[in-house]
1. Using a Förster radius of 30 Å, what is the FRET efficiency between His588 and Arg64 based on their Cβ-Cβ separation? Nearest 0.05, please.
2. At a 1.4 Å probe radius, carbon and sulfur cover how many percent of the accessible area of segment 155-243?
3. Per the 1.4 Å probe, what fraction of the accessible area of segment 433-502, in percent, lies on carbon and sulfur atoms?
4. Size of segment 1-70 along its principal axes in angstrom, Cα-based, largest extent first?
5. For segment 517-591, report the % of Cα-Cα distances exceeding 21 Å.
6. For segment 95-201, state the average projected area of the convex hull of the C-alpha atoms over all orientations, rounded to one decimal in nm².
7. Of all beta bridges DSSP finds with both residues in segment 1-103, what is the antiparallel percent, to the nearest 5?
8. Please report the carbon-and-sulfur percent of the accessible area for segment 53-153; probe 1.4 Å, protein heavy atoms only, DNA, RNA and ligands left out.
Amino acid sequence: MKNGYYLSVYSEVDPVANMLQISQRHDHNMALWYKEAKRVTLLRHWELERFTGFKQHSIAFFSRDDYLGFIQKRLAEYGLSLVDIVEIFGDPCPSERSACLAAVHQYPDISNHAIFHLYASLLSDTKLFHNETVVALAMDGAPDIVLDGSSRDKKYYCGAVSIRGNIEVFPVASPGMYWTAATRIFHLREGTLMALASASESVTLENDFFVDKIYDRKSSEKVFLQIQKLADRIMAYSAEDAGIKFSGFDPRFSEEENKISMVMKLIQTFSIHVVEEEIDAILQKYGLRGQECVLSLGGGYALNCPTNTYLMQKYQFKNFLSVPCVSDSGLSVGIGLYSFYRDDPSFEFQFENAFYGNAYPAANILCGERIRSFIDSVSDQGDPVQDLMDGPIVWYDGQSESGPRALGHRSIIADPRSIRNKDLINLYKQRQWWRPVAPIILEDFLEEWFENAYPSPYMLNNFVIRQEKKELVPAILHLDLTARVQTINQESDEALYHVIQNFYERTGIPIVCNTSLNDRGEPIIETVEQAFNFALRKKIEVVYVDGLRVKLKNHLAYELTEPLTRDESEFSHYTGSEKLMEQYNPFHLNHTEYYLYKFYDFMSGYDIRKETDARKIKRMCKKINDLMPLKKLVVDFLKSSEKQDRKSTRLN
């Protein structure tokens, strides 16, 4: 490859999907790279949800022109244009098909979705990759079929052993679909379910539950039925069953929350067992010991902190290799790294920190008419420690984070000594009272405060608080006395490091509370203006923007009650156009029918613009939904992907 700028993309162009506001993919994203000789640098990682406001963005571009126009806007912010890009890897660009087809040919039995998850983490530090033995797993839900239609019939997930850069890839099982099924059954996100699993003390006393492993589509359909039956059985428990079928209801929680917690405890146990068996098999087959290896985890299941920590502590892996965007939000990173590796296996790269999003200047916002009347004072001589002691503050700094977790650049931070701060934060974010708030801790104090802990820069691990410390930081603890920890050092985030260091010097606590800066159902806030909108609506007095302390006033006079609308023009412009609908979808396949039409290859020969074909497609979709155990999963997935103000689609 030539020296210069490259772009990798995980997205989709489909005019019908755009008008129906759906996509075969979620978490669309793009990555901008620069290559010089062997050295590759990631310059920007753009997650489309941050620009559009559609959480886990899952809407296709209408046209290639819209797609390229969106890219051009992102590049223009850095003085670049499409003519400066040497090559684009990633759908929907024709040049990318060579990269994805290369993955298809190199790994014909494994979905390229899994391959790109694998390479995103495995190659996130090529120095480790070339010099260590790495045990790698890429575990997710189901792959998409946008580029590789045969993925539906391949093994969904993969693992690898890399010995000093020599990779052997193989299929593995994944528990990811256990959690996908649970989210559709309970209509709660994975993070909420994970937190609830460890919150309530209610446990089932029955021990005959069983869930199969998932390797591919066939096994996933069977497992979804098993999860549904498991959930139905536990959700039918009554108070009369206490002491017989289950331990009893924890009085701190509702009956429904207790039952969901029991289900999720089982799913967490089954999940760890699946991953544990895969690790055992890998170590035995290759004659390895965990202490000699680095563990690399990719795919959405790598966000499961209890599993990550269990594996690290049981097998004593010498290092943990991952990226903050382990879910589909990082697939453009995996596509890019795979492409560079195929061109030159000795290329050099390091994912240096979590902050690869955009930065936005504060000056224009601070001087603007919309905000000026709400600003009491602006100072570059603030006292963040005192402000933290007074209550939660908005902390907005530089480039935004990659991935689904706020790691100190788009955050609400607070004093961990007060449980009231946790309650306030949950009130701001409209969350359940028992939802925990994560700690950011100075890395040098990690072992002093948490048991069997190790660096966790991307908040991908849970650790148990030491007994003598638990009373000091109640705001950051789960009800089982664990915490989802992020570690920080001066090199990773100098500004926030100094705030926490000063907080420690004045309080003896090297920790602050941290949670993402966003409202319920909203992606993490991207711009300065969005941050002020949040602070004013939530009556937060102090906002730090790139080191400037901004004290707000007149909160009650702020008339907006909802998050600011973001730029969704490329994705909503054509919605409702009867003329275009008549052109592209004249017989009005609905969201579910079109999704199934694209998903199942036996319908690919039909033309939705022909009335007889459209009728056949509708009949086949009805039969699929009547007969397939995935009916509820598919329909609920589509509903959850729609905008909140959109009506749910009914099957014809």
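The values are calculated or read from the model by the stated rules, or taken from the named source; none is laboratory data. None of these values were measured; they are calculated from a predicted model. Glycine gets a Cβ as well: all are built from the backbone with ideal geometry, and neighbour counts include every protein chain shown. Ligands, DNA and RNA are stripped out before the accessible areas are found, and what is left, the full protein with its side chains, is counted by its heavy atoms. Shrake-Rupley method; radii C 1.70, N 1.55, O 1.52, S 1.80 Å.
1. Values: r = 24 Å, r/R0 = 0.82.
Here the calculated transfer efficiency is 0.75.
2. Values: 1900 of 3760 Å².
Solvent-exposed carbon and sulfur of segment 155-243 make up 50 percent of the total.
3. Working: 1310 of 2880 Å².
Exposed carbon and sulfur together represent 46 percent of the surface.
4. Here the spans come out as 44, 22, 18 Å, largest first.
5. Working: 1334 of 2775 pairs.
The answer is 48 percent, as a whole percent.
6. Working: hull surface 35.4 nm².
Taking a quarter of the hull surface, the average projection is 8.8 nm².
7. On the way: 15 of 20 bridges.
So the antiparallel bridges in segment 1-103 amount to around 75 percent.
8. On the way: 1750 of 3360 Å².
Carbon and sulfur: 52 percent of the exposed surface of segment 53-153.
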